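Structure first, commentary second.
The values are calculated or read from the model by the stated rules, or taken from the named source; none is laboratory data. Predicted model only: the values in this text are computed from it and were never measured. Cβ: placed from backbone, ideal geometry, glycine included. Neighbour counts: every protein chain shown. Remember, those area values only see protein heavy atoms, side chains included, never the ligands or the DNA or RNA. Shrake-Rupley method; radii C 1.70, N 1.55, O 1.52, S 1.80 Å.
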Amino acid sequence: MLNMNRKMKVIEGYWLLFTDLISICAAYAIAILIRYHKFTRVMEPELHFMVLIGFLLVCTIYSFLLDWNREFLKRGFLVEFIAVIKFNGFMALSVMACLFLLQRGEDFSRLVMGYFVILDVFVVWGVRIFMKKALRVYFTSKSNIVKIMIIAKDSVLDKTVTKLKEAMDINYEVVALACVDVDRRGTEAGGIKVNASGEDVLDVARQMPLDEVFINLPDEDKEYVKYIIYDLESMGIACHYNIDIIERPQKEVRVGDFAGYTVVTYSINHFDYRRMAIKRLIDIAGGLVGCVLTAVMTPFVALAIRIDSPGPVFFAQTRIGKNGRRFKIYKFRSMYMDAEARKKELEADNEIQGLMFKMENDPRITRVGRFIRKTSIDELPQFFNIVKGDMSLVGTRPPTEDEFEQYNSHYRRRISMTPGLTGLWQISGRSEIVDFDEVVKLDLEYIDNWTLGLDIKILFRTVWVVLAGKGSK
């Protein structure tokens, strides 16, 4: 897939950020005028100005870190409207949370906040609809269109043309085709005229307006391909050579350097290191807060566990982490000491189809254990695992060693990301799931669609699940 070139992406990103910031300022000014009628009547003007600065900062962070402008030109009006609502909701909640932490919430006009959110949704949405049209006109203008030639064999020419036309961004235009093994000049492929063969492809390229070339000759002699690429490069034309031996979306294939070699890296999972770094920072911050909460709760939970049944307060078990790394997971003990030994006796009563074990009325669970499981209190010590880096706040479910030893290739992919304290399996009715394949499906759905925004959404929904008493049974 040929994506919009870097120059166009930068233009799109910064123009959208600029217009968003201007829209916020305009909506905020109108909200203040509606509430106070004049700027001179604003109570706590310094606070109101700082709130505006907060909105602008959150907007900037949201644009670059959560990447909400991805696929901007391809999104429809309704999808854009929903995206703008989410953006304003996140921005308002973030600023209100800061006001609450600073104990200044009572000093700020709630009407201004309400007016602003409503106004900003429609102002930002309206400006973005205009920007869609303006950017489309700009990117498709004669000076910005990227003219591209496709060079391929007869057997793949039609398929290549069709695939590229579907996948290319709006600033690309296929202007020429070359069939290197059959003389198809004068015919068409995908509605585009074939105007070059293997013998005159370079002559045609020299004489026409052309910016880039896409070469799909995976089985062709390397010397011929090198000859074409060298000559095209000497003309100043950029070449895209298809070396993909496995058909995958481009986001899963990367060309780079490895130990001095130029390599093609195939990976189903490819995460932006910057966003992964932010995810880790969030984990550390959340983990430290969780550790404090665990320390406060431990004396009370420990006393209840000791009174209810003999044995240690904490339970440690080896689990499988990212890409097969083993680590000790910590929980408050919720079972009797002989739980592992009795597990084999209860295998016939397993309510899960597949590699997990679960019973609704598991006799190995203590009375206190049922309560701390229902309220998810037993999970609190895992915040120490999060701080250590063995786990994340949000991720996939970490399997036991017994489960892992029975994994096939499909199942193993669910541990290609750091396991989490919570995840899609937690907020999707984990107590009602009766098929291990459904757990795997949820984990892979999380991995394939991971964003920082998804993590935040799962964290909020997890809080609701726990407070609503929908924890594990």
### Query
What does the highest-first list of 39-47, 448-456 look like by mean Cβ count within 10 Å?
448-456, 39-47
### Task
Before anything else, pin down the relative contact order of the range 103-224: Cα pairs under 8 Å, at least 6 apart, normalised by residue count, whole percent.
25
### Message
Give me the percent of accessible area attributable to carbon and sulfur for the chain, probe 1.4 angstrom.
### Response
61
### Query
Put a dot 7 Å past each Cα toward the Cβ at residue 231 and residue 278; how far apart are the dots in nm?
4.7
### Message
Normalised radius of gyration for the chain, please: alpha carbon Rg relative to 2.2 N^0.38 Å, two decimal places.
### Response
1.26
### Unit Cα scatterers, Debye sum, the range 364-404: log10 I(q)/I(0) for q = 0.16, 0.29, 0.32 Å⁻¹
-0.56, -0.98, -0.99
## Note on the structure
Karplus-derived 3J(HN,Hα) from phi for the range 91-108 (6.51 cos²θ - 1.76 cosθ + 1.60, θ = phi - 60°), whole Hz, x at Gly and Pro, runs 5, 5, 5, 5, 5, 5, 5, 5, 4, 5, 5, 7, 6, 10, x, 6, 8, 9
### Task
Tabulate in residue order the Karplus-calculated ³J(HN,Hα) for the range 321-334, using 6.51 cos²θ - 1.76 cosθ + 1.60 with θ = phi - 60°, rounded to whole Hz; enter x for Gly and Pro.
x, 4, 6, x, 6, 8, 8, 8, 8, 10, 9, 6, 5, 10
### Summary
Dividing the mean separation of Cα pairs under 8 Å (6+ apart) by the residue count of the chain yields a relative contact order in percent of 10
### Query
How far is helix 273-308 tilted, in degrees, relative to the longest principal axis of the Cα atoms in the chain, given as a value from 0 to 90 rounded to the nearest 10?
10
#### Entry: Estimated FRET transfer efficiency when R0 is 56 angstrom, pair residue 197-residue 21 (beta carbons, to 0.05)
0.60
### Query
So, by mean Cβ neighbours within 10 angstrom, what's the order for 406-417, 87-98 with the highest one leading?
87-98, 406-417
## Note on the structure
With R₀ set to 41 angstrom, the calculated FRET efficiency between the beta-carbons of residue 401 and residue 100, to the nearest 0.05, is 0.40
### Query
In a Debye calculation with equal point scatterers on the alpha-carbon sites of the range 27-149 and no solvent, what is log10 I(q)/I(0) at q = 0.14, 0.16, 0.17, 0.18 Å⁻¹?
-0.69, -0.84, -0.91, -0.98
### Query
Which angle from 0 to 90°, rounded to the nearest 10, does the C-alpha axis of helix 436-448 make with the longest principal axis of the chain?
50
### Query
Sequence-distant or interchain residues sharing an amide H contact under 5 Å with residue 314, placed H: which?
333
### Query
Relative to the longest principal Cα axis of the chain, at what angle does helix 154-167 sit, 0 to 90 degrees, rounded to 10?
60
### Query
Residue by residue through the range 42-49, which ³J(HN,Hα) values in whole Hz follow from phi under the Karplus form 6.51 cos²θ - 1.76 cosθ + 1.60 (θ = phi - 60°), with glycine and proline marked x?
5, 7, 6, x, 5, 5, 5, 5
### Message
On a 1.4 Å probe surface of the protein chains, which of 79, 112 comes out largest in accessible area, and what is the full order?
### Response
79, 112
